[in-house]
Amino acid sequence: IVTEIKNHDVKDAIVQIIIEVSASKYRDISDKIIRESLSEANFVAAIRKNVTVESKNRLGRELHESVPPMEALKTYLNERNLSEEKLHKLLEKGQNLMSEIPPQ
């Protein structure tokens with residue numbers, strides 16, 4: 001973002017920054033650093049971050065109806081870097097919940 005700002009003459013300008021950003025990168029953007037790079041501007045009207053929806057599955061693979069629920073849960077929990085004990089407890093609770101669902 002700062003590199004892009006440097007590509008423009010902002011001296012004495014009124015500036016509005018609109019950033020298209022994924023939800024996963026939202027926290028990586030520092031308003032303070034952006035404002036510092038706009039120090040020569042006359043006025044910073046806004047720094048707006050538009051969060052875009054990520055169409056890619058966060059788990060890096062397709063999880064859809066054909067994947068058994070316990071396999072999907074295990075894949076999801078493995079991505080969370082949980083301790084073995086917590087992982088085991090959550091999988092057990094998930095299995096208990098799924099056993100309460102009547103077969104279709």
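The values are calculated or read from the model by the stated rules, or taken from the named source; none is laboratory data. Keep in mind the model is a prediction, meaning the values are calculated, not measured. In this analysis, Cβ positions are derived from the backbone assuming ideal geometry, glycine residues included, and neighbour counts consider all displayed protein chains.
In the stretch 70-87, the residues that are free of Cβ contacts under 8 Å to residues at least 24 places away in the same chain and more than 23 Å from Ile101 (Cα to Cα) form no Cβ pair under 7 Å with any partner that is of a type in the set (Asp, Glu) and loosely packed, with under 10 Cβ neighbours inside 10 Å, whether six or more places apart or across chains.
Hey, does the stretch 37-52 have a residue that's modelled with pLDDT of 90 or more and part of a helix (DSSP H, G or I)? Checked the stretch 37-52: at least one residue is modelled with pLDDT of 90 or more and part of a helix (DSSP H, G or I).
Within the stretch 54-82, count every residue that is of a type in the set (Gly, Ala, Ser) and either at pLDDT 90 or above or over 26 Å from Ala23 (Cα atoms) (or both).
Our first condition is that a residue be of a type in the set (Gly, Ala, Ser); within the stretch 54-82, this holds for 55, 60, 66, 72.
Imposing the further condition that a residue be either at pLDDT 90 or above or over 26 Å from Ala23 (Cα atoms) (or both) reduces the set to 66.
The number of residues fulfilling the criteria is 1.
Scanning the stretch 7-28 for residues that are surrounded by 11 or more Cβ atoms within 10 Å (Cβ to Cβ) and assigned to a helix (DSSP H, G or I) yields a total of 1. Scanning the stretch 1-31 for residues that are modelled with pLDDT under 90 and over 12 Å from Arg48 (Cα atoms) yields a total of 5.
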